[in-house]
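See below for the structure under consideration.
Where a number appears in this text, it was derived from the coordinates with a stated rule and is not lab data. In this text, all values refer to a predicted model and were calculated from it rather than measured experimentally. Heads up, the Cβs are rebuilt from the backbone with ideal geometry, glycines too, and the neighbour counts pull from every protein chain shown.
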Amino acid sequence: MSGIVINIDPVILYFGGFELSWHSLAIMLGIIAAMLIAIYEDKRKGLPINEIYSLTLWVVLGGVVGARLFHVIDEWSFYASNPALILQFQRGGLAIWGGLAGGAVVTVAYARVKHLPLARLVDVMTPGLLVAQIIGRFGCLINGDAYGGLTDLPWAFTYTHPGALLPLDLRGVPTHPYPLYEVIWNGLVLLAIWRLRHIFKKDGWVLLIYLPLYSLGRFFLTFVRQQDVTFGGLQQAQMIALFVFVASVAMWIYWGRKRALMVSVGDKSEPSALGQEEGR
């Protein structure tokens, strides 16, 4: 047996019918960290702090529902035969792309209902989102649900605990530590955003830095994932990542042309990256 052996029970605590898993704990810690960072970032953006508290709770709800729904649809052949497991969040099974979609829908709706600047809202929330993703992946590292393919690299992870959430044929054999790869990439993206947010100060630019960088990394890292190929040799997550990357680049091009047009007509103001300039 080679690589790093992971022999940790995915469940920390059993209490009657209640289970506290490492994955659930990581999600809770990620939510707390995301809220604290959003509060810190709001000091620069000047939105009402009570709206940040409220939005965070709604985003968590929308994100979890979206992440679980996306996962269940993706694995419907399994859940159709095991419907009682659909609501068992504590055992893993949250798709990040579904979580981002659910959180995005809630954020757009919240901004419209509360008449708040959408671009500024997403910039406040984005750094915390990345930190939450990083912390959440540590939960995946322990429970084994985001497993990679077989490898003989010295940093391979070998899951041996009977409760590990990877297929039986991968238990006890070295696999790519995909969650660790994503933690490293997301950390680099967070560092880039943290530094560039002082350069790209217009509302919406933090999000438009995050989206192409995260999707680019997700596209290439997913090649080591152990999932079904959907189309053209690509997995589903890669197809979504490619779409998000192209859409983000298109937004960059659109903004660049719009800015050039405004400069050509003598308008010195700049629109936010997601639309018209939004005053404080």
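Among DSSP beta bridges lying fully in the chain, give the percent that are antiparallel, nearest 5. Here the antiparallel bridges make up roughly 75 percent for the chain.
Note on region 124-190 and region 41-64: Cα centroid distance 28 Å, given to the nearest whole angstrom. Packing here is the average count of other Cβ atoms within 10 Å per residue, and on that basis the peptides 185-194, 139-148, 74-83, highest first, run 139-148, 185-194, 74-83.
Once you have the Cα-Cα distance between Y40 and L242, take 0.36 nm times their residue separation minus that, and quote the gain in nm to one decimal.
On the way: separation 202, 0.36 × 202 = 72.72 nm, distance 3.16 nm.
Net length gain for the segment: 69.6 nm.
Quick check on region 77-211: take the gyration tensor over C-alpha atoms, sort the square-rooted eigenvalues as a ≥ b ≥ c, and tell me if it's rounded (a/c under 1.5), prolate or oblate. Oblate is the answer for region 77-211, as a/c is 1.5 or above yet b/c matches or exceeds a/b. Computed packing ranks the peptides 112-118, 21-27 as 21-27, 112-118, most packed first, by mean other Cβ atoms within 10 Å.
Arranged from highest to lowest average of other beta-carbon atoms within 10 Å per residue, in what order do the peptides 234-242, 62-70, 9-17 appear? Could you put the intermediate results ahead of the total?
Details: 234-242: 19.2, 62-70: 20.8, 9-17: 11.9.
Order by mean packing, descending: 62-70, 234-242, 9-17.
Which whole-number percent is the relative contact order of the chain (Cα, under 8 Å, 6+ apart)? Don't skip to the answer; put the middle values down first.
Numbers: 422 pairs, mean separation 59.6, N = 280.
The value is 21 percent.
What 222 nm value per residue comes from the helices of the chain, counting each DSSP H run with n ≥ 4 as -39,500 (n - 2.57) and dividing by all residues, nearest 500 deg cm²/dmol?
Helix contribution divided over all residues of the chain: -20000 deg cm²/dmol.
Full extension of the chain between K114 and D169 yields a length gain of 14.7 nm, computed as 0.36 nm times the residue separation minus the alpha carbon distance.
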